[in-house]
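First comes the structure, then the notes that go with it.
The values are calculated or read from the model by the stated rules, or taken from the named source; none is laboratory data. The shown structure was predicted, so the numbers you read here are calculated from the model rather than taken from an experiment. Positions of Cβ are generated from backbone atoms using ideal geometry, with glycine treated the same way; all protein chains shown enter the neighbour counts.
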Amino acid sequence: MFVHGEMLIRSWRQQGIEDALAVYFEILRLNIHDNQGARYLIPGLYMWLGRNQEAYDFLKGWALQAAGKPETKQIEDPSLMYLHVKNADPTEGVDLWTGRFLQLAFTSSIQLLKARLVIGLDLLLEYIKALPQGAPAASPREILASVRGQYCDDIIERLAETFVDADSIIKKRDEINKQMMELFAATGTYNEHFWPMMLQPEERDFSTRSMGYTYGSREEAHLAFKYTYPAWCETPMALESVRATMAGRE
């Protein structure tokens with residue numbers, strides 16, 4: 001089933017991605033403890049389909065479980081562990097994903113989601129700044145219509161009251177950019193191989209899967225790359241932001 005899901009992903013078609021998502025949720029149902037790592041593919045598949053809020057809820061559910069938070073201990077049915085978080089705030093801090101031992105694929109997915117949010121906010125800002133001087137203020141509905149069908153519109157529409165003017169958008173964007181830098185630094189410290197792999201995908205093999213790895217190893221980075229790169233490459237501007245960050249550190 002796991003390999004079948006990978007084949008569906010490599011179809012690079014929406015129906016294939018939807019079918020792969022169903023396969024990996026079925027694997028989680030059958031194998032609650034998920035020693036295969038099906039959970040690491042699911043956030044990227046959600047984002048590929050534009051279901052960013054569901055991706056964040058899934059990521060936070062697993063992160064709370066890994067951190068042993070009290071709320072996760074109240075879930076009687078373990079098969080619901082990754083479904084108990086609903087409509088969490090994707091603009092909140094990133095402490096759950098910047099610890100000493102990272103779940104590298106999850107941290108990569110969180111950074112991608114944050115990058116998509118920043119791109120969406122930039123589009124909102126461009127729309128507001130392009131309004132003719134002296135024109136009536138645009139309504140939240142009109143502003144949000146400018147990003148519908150684009151990056152993280154499902155999240156931004158839920159936070160409409162936060163994004164009604166340029167100052168609010170800039171403030172939130174700067175907060176998320178700071179979070180992205182925290183994630184970038186944590187990932188680079190934990191595994192030095194990951195970001196170079198993401199920026200040179202032509203040198204990587206998508207067909208092999210490591211059966212085991214040590215923390216911080218090249219094998220761990222390759223596995224996280226393989227699980228998350230397809231979603232990243234659907235957002236080229238996000239990868240360019242990483243490339244610019246790395247260039248600025250050299």
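Any residue at all in the stretch 143-154 that is at pLDDT below 80 and among the aromatic types (Phe, Trp, Tyr)? The answer is yes, given that some residue of the stretch 143-154 is at pLDDT below 80 and among the aromatic types (Phe, Trp, Tyr). In the stretch 113-140, the residues that are modelled with pLDDT under 85 and β-branched (Val, Ile, Thr) form Cβ pairs under 7 Å with partners that are in a helix (DSSP H, G or I) and crowded, with 18+ Cβ neighbours inside 10 Å, at six or more places apart or across chains, as follows: 128/143.
I want to confirm something. Restricting to the stretch 25-43 and keeping residues that are part of a loop (DSSP other than H, G, I, E, B) and of a type in the set (A, V, I, L, M), which single residue is nearest to residue 114 (Cα to Cα)?
41
The residue that is surrounded by the fewest Cβ atoms within 10 Å (Cβ to Cβ), among those in the stretch 215-250 that are among the basic types (Lys, Arg) and modelled with pLDDT of 85 or more, is 218.
Counting only residues that are under 21 Å from the mean Cα position of the chain (by Cα) and modelled with pLDDT of 60 or more, the stretch 52-81 holds 16 of them.
Quick one: is residue 41 in contact (Cβ under 8 Å) with a residue 60 or more places away in the chain, among the aliphatic types (A, V, I, L, M) and either under 15 Å from residue 223 (Cβ atoms) or surrounded by 12 or more Cβ atoms within 10 Å (Cβ to Cβ) (or both)? It would help to see each step written out before you state the result.
Numbers: in contact (Cβ under 8 Å) with a residue 60 or more places away in the chain: yes; among the aliphatic types (A, V, I, L, M): yes; either under 15 Å from residue 223 (Cβ atoms) or surrounded by 12 or more Cβ atoms within 10 Å (Cβ to Cβ) (or both): yes.
So residue 41 fits the description; yes.
Residue count for the stretch 167-214 under the criterion of being more than 30 Å from residue 125 (Cα to Cα) and at pLDDT below 85: the result is 15.
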